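The values are calculated or read from the model by the stated rules, or taken from the named source; none is laboratory data. Bear in mind that the values here come from a model prediction, so they are computed numbers and not experimental data. We place every Cβ from the backbone using ideal geometry, glycine too, and count neighbours over all the protein chains shown.
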Amino acid sequence: MGILNATPDSFSDGGTHLDPGVAIAAGLAMAADGADIIDVGGESTRPGAPVVPPEVEQARVIPVIRALADAGLTVSIDTRNAATMAAALDAGAAIVNDVSGLTFDPQSRPLVAHRGCPVVLMHMRGTPATMNSLTQYDDLIRDVTRELQARLVLAMAAGIGRDLIALDPGIGFAKTGEQSVAILRRLDAFVALGFPVLVGVSRKSFIGRMTNEPDASRRLGGSLAAALFAASRGAAILRVHDVRETAQAIAIWESLRA
């Protein structure tokens, strides 16, 4: 899954793809480099990020989604807002990827159920503005698993098919760097829930802290190592900025394993 942020303020590539033409070209390049899914977002969810009105979010993403879908690419919409989900699906998006696990907008669960599209439910506490203050867990793996299961129950009660759901433990979302590492080490606990697991470690701050690299754009090596580790622990989908390099690393890793 290639990350395409049509935002001015994302933590690693804010502003790079804000122009629709640039974003469309980047999405096409990601697909050529080996991305199976292009994940388009119009609202930054980095720690402390402000709320973006749905109409602004849609103005950023809909032209990009429409063009990429028309080119035959599989597109996911990265949003917490039901109105944006609907507009994106109408424009050709095939998947909803919601950092709130369909809990932010009360209309999101019935919408996704009605549309019958695949959805990624991520674990996060609070909002991007508050999540860094919500990192206290009695038992990290047990608590995150339980809270993800609660989102699953709500989603399936709304009519979303079990076979349409993937889970994301939310690396860096209401997690300290040490907690993010712990989740990666115990990814098997989330795989054991019986759903495809998506992992997003690309350029994350825990890599910066482990390697003393404050510049997110210079964390490629750490991102590749963490992605390969996640794959070795059962991750089914890797959400990445550097598609070509990750696809190459995965290809060699799979060949060596075979």
I need a count of the residues in segment 116-140 that are within 16 Å of Ala166 (Cα to Cα) and either at pLDDT below 95 or surrounded by fewer than 18 Cβ atoms within 10 Å (Cβ to Cβ) (or both). 1
Any residue that is assigned to a helix (DSSP H, G or I), crowded, with 20+ Cβ neighbours inside 10 Å and of a type in the set (D, E, K, R) - is there at least one of those in segment 141-157? yes
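Okay, residues lined up against (1) modelled with pLDDT of 95 or more; (2) part of a loop (DSSP other than H, G, I, E, B); (3) among the charged types (D, E, K, R); (4) more than 18 Å from the chain's Cα centre (by Cα):
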position	(1), (2), (3), (4)
Asp36	yes, yes, yes, no
Asp39	yes, no, yes, no
Glu43	no, yes, yes, no
Pro47	no, yes, no, no
Ile65	yes, no, no, no
Leu73	yes, yes, no, no
Ser76	yes, no, no, no
Which condition does Gly200 not pass, out of (1) surrounded by 15 or more Cβ atoms within 10 Å (Cβ to Cβ); (2) farther than 18 Å from Asn5 by Cα, if it passes all the others? (2)
Within segment 215-228, identify whether any single residue is at pLDDT 95 or above, outside any helix (DSSP H, G or I) and over 22 Å from Ala26 (Cβ atoms), and answer yes or no. no
Cβ contacts < 6 Å: first residue within 17 Å of Ala91 (Cα to Cα), restricted to segment 24-37; second residue of a type in the set (Val, Ile, Thr) and surrounded by fewer than 20 Cβ atoms within 10 Å (Cβ to Cβ), any location; separation 6+ or different chain. Result? Ile37/Thr74
